[in-house]
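Encoded as structure tokens, the structure appears first; notes follow it.
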Amino acid sequence: MTRSRIGIRGYTDTPSVAPGETVSFHLSADRAGQADVRLVRLQHGDPDPSGPGIRITPVPAEVDGVVDVAPRFTQHGSFVTVDDSRGALAGAQGLTVHCFLWPTTPAKEHQGIIGRWSEAERSGWALTIEDGRPTFTVGDGETTVSVTGAPVFPEVWYSVTARFDPATRQVTLHQRSVVNSVNSRLSTIVDLDTDADAAATCTVSPAAPAVPLVMAGLSAGAPTPERVVGAYNGKIDSPAVWDRPLDDADVARLATGEDMSVPASARWDFAAGITKAGIADDVARDISGNGLDGRLVNQPDQAMTGWNWTGEEEHFVHAPEQYGALWFHEDSLADCAWPVTTTWTVPEGMRSGAYALEVTTEDGNEDHVTFFVIPPRGTAENKILLLVPTFSYLAYANSQVMQNAVIGQSVMGVLTTLDDLDLELHESRYGYGLSTYDYHADGRGVQYSSWRRPILNMRPKYRHEFGSVWQFPADLHLIDWLESNDFGYDIATDHELAAEGHALLARYNVVITGTHPEYYSGRMLDAWEAYLAGGGRGMYLAGNGFYWTATQHPAKPWLIEVRKGETGDQAWRGRPGELFHSTTGVRGGLWRMKGRAPQKLFGTGYGAHGLDRSTGYLQLPDARDKRASFVMEGIDPDEIIGHFGLVNNGASGLEMDRIDYALGTPPNVLLLASSRGHSANAMMVPEEQYFSHAGMNGREDPLVRADIVVFTTKNGGAQFSTSSMAWCGSLSHNGYDNNVSRMTANVLRRFAQDGPIEPID
């Protein structure tokens, strides 16, 4: 594969924008220069020659023109920074620093735990990990003195105390393991032999460089003291600093978590911001009374089990004193924080749709910075709403799971196909941040995902690792079909649904999903339930929808949180005691495991996946029921539905849903068709496999399938579900003249009409 270097990337500050509102574009280039920018409307992004091809249309706009671009710095890694412009934590007159730490990659070189240290000037003081050992260093810009403890084990809790005593000219370090039955990887039966006491003569006093105090890293120092290097992987709990050397008795008390009689200069309690609704801000609260609050950067994992977690309580809001840890990662990224390159204010009358700022450099490299234009806030311009699943886009943002996972090709059943953008992500693994399907460098699953970074797999033309489109490029199949069939529609995103709830859906006669609305919040499900119960009509043209719990940060709406639970199709699994979302306090995991299986609202729910081959649907007796005649109009009884398409050559594939009355499928559902002929690689999902046994694959198990259903709800409402991620890839076949297109159009025209749908009893 010939690959040309991509020299320009960008992102917007928000997923969606309405007329009268302004969206900002943040661009970074490999080198300084100029780039042409123009607004384009996105209609079809699948380059497969069997389909309509790329359909991107320029839309003249005030943002069109030439902009200056340059390389932009991105700060990677999560940490805490504390402004100490008063010098209260400088330590020249004496110092004690203590914290509990739980390192995850102790063999990684030069990790800052806590320090008021300038890396450039080699001055100040710092508690770090060097050669796998806690190390305390002081420096005056010319000379440094260090004292080192014993090697530490990964994922084991330690109490570490360091002192500088100017009277005795000594630096000391005291290290104790604080393992209980549940808080560490190893149990109390192991003789760790890692307790240590060390001392060294110190001929210098720590200087006071103009840098902040940093936890989980070190200030780069002049000329960029705000930048952080030496990223730490692991947890930190209860860090504190005293402006004097504590005596040995006090040091011994620190390892037991006892309150100190000597007031601290600063004492940070990472659990102090916990409320019943989670943690709403990025403040590391100083409870010493000295006002030295810190600021969390790049969203370290919050509401983490601490050194004193007993395992008796698994919800952090019920025992906040046991959830005083933050988990830091060297590759976390919550906001690239690039400066604004250009802005665009959406003019009145701008048509709702999928748009991008097309950016082209002078040497021909390009990017499409995607966003959505919605109708004026609080209004509807059409009777049809396409609900774009931006929460799911974020969950998969820059996913590298298939190209990096050992079993990736086994899951897919096909050889991995890498796009140029996959290679770019691999080359700059930390450059654009990770998806919630990836692992941090220390093995922790990624649980936060942000819009404020380039999202390379949310670009037209991108093809997934199994050779087909997925998420946003797949949703362009549906947008292209709506456009080509002259359906008037509005677009809104999950972010609008999360903000407005039922009021958003209630403005429309019919709401259509994207191809894969997998990640949902409780408020979003509430909106759908109220809408369908109140006479609304839904069209679920997707598979594996409404599956994982996802929540939005209350103060940063561009950030979502996902914590994978005990079962489900999952790339990683949350650790014991860490299943509840820090941002909201709700329990993570599958909605099915919380009494809200998608069958209860949409008739079908996720049951199987098969990424290698898609098939068609066989019609069933209910397809001839007169109450379904509006769905089946123009389709002969012997036709196989969707034995063609751009997604693995069929309308049923990738991830598939089926009815299950035990999980809440309404009793009045009409089962119109079910898919058949899936491969041995198509398998039931884990939550369906109570006991694993032979025959649980698409060749042998009748539960490996997708079902097409229709049913009515109270007050004249109705729901139509096709239950496959591949469905929309079949819409354009034969110039849109096919039974998938015809069935979808039949339902959409009827559901978009005013007046109730005739009940199906």
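Residue ranges 291-303, 371-383 sort as 291-303, 371-383 when ordered by packing (mean number of other C-beta atoms within 10 Å per residue, highest first).
Under 12 Å of direct C-alpha separation, and excluding same-chain neighbours fewer than eight residues apart, Lys714 reaches these aspartates and glutamates: Glu529, Glu758, Asp761. The peptide list 605-616, 487-498, put in order of mean Cβ contacts within 10 Å with the highest first, becomes 605-616, 487-498. Protection proxy ranking for 442-451, 734-743, using the average of other Cβ atoms within 10 Å per residue and placing the highest first: 442-451, 734-743. The magnitude of the dipole of the chain, with charges of +1 and -1 set on the Cβ of Lys/Arg and Asp/Glu and taken from the Cα centre, is near 980 debye. In the chain, the calculated helix contribution to ellipticity at 222 nm averages -3000 deg cm²/dmol per residue, counting -39,500 (n - 2.57) for every DSSP H run with n ≥ 4.
Distance between the C-alpha centres of segment 640-709 and segment 23-64: 37 Å, rounded to the whole angstrom. Distance between the C-alpha centres of segment 270-306 and segment 93-169: 23 Å, rounded to the whole angstrom. When the square roots of the Cα gyration tensor eigenvalues are ordered a ≥ b ≥ c, the ratio a/c for segment 304-364 is 1.5 or more and a/b exceeds b/c, which makes its shape prolate.
Legend: distances between Cα atoms for Lys461/Lys600; Lys276/Lys556; Lys276/Lys564; Lys594/Lys626; pairs beyond 26 Å are Lys461/Lys600; Lys594/Lys626. With labels modelled as points extended 7 Å from the Cα through the Cβ direction, what inter-label distance (nm, one decimal) is found for Val283 paired with Arg169? Taking the two extended label points, one gets 4.5 nm.
The alpha carbon centroids of segment 726-747 and segment 170-242 are separated by 61 Å. Site pair Arg749 and Asn485 shows an inter-label distance of 0.9 nm when each label is modelled 7 Å from Cα along Cα→Cβ. Angle of helix 739-752 to the longest C-alpha principal axis of the chain, folded into 0 to 90 degrees and rounded to 10: 80°. Tell me whether segment 148-294 comes out rounded, prolate or oblate; compute the Cα gyration tensor, take square roots of the eigenvalues as a ≥ b ≥ c, and use a/c under 1.5 as the rounded threshold. Rounded is the answer for segment 148-294, as its axis ratio a/c remains below 1.5. For the chain, the longest principal axis of the C-alpha atoms and the axis of helix 522-533 are separated by about 20°. If you sort the three axes of the alpha carbon gyration tensor as a ≥ b ≥ c, you get a/c of 1.5 or more for segment 66-165 and a/b no higher than b/c, which makes it oblate.
Values in this text are rule-based calculations from the coordinates and carry no lab data. All values derive from a computational prediction rather than experimental measurement. Note: ideal-geometry Cβ built from the backbone for every residue, glycine included; neighbour counts use all protein chains shown.
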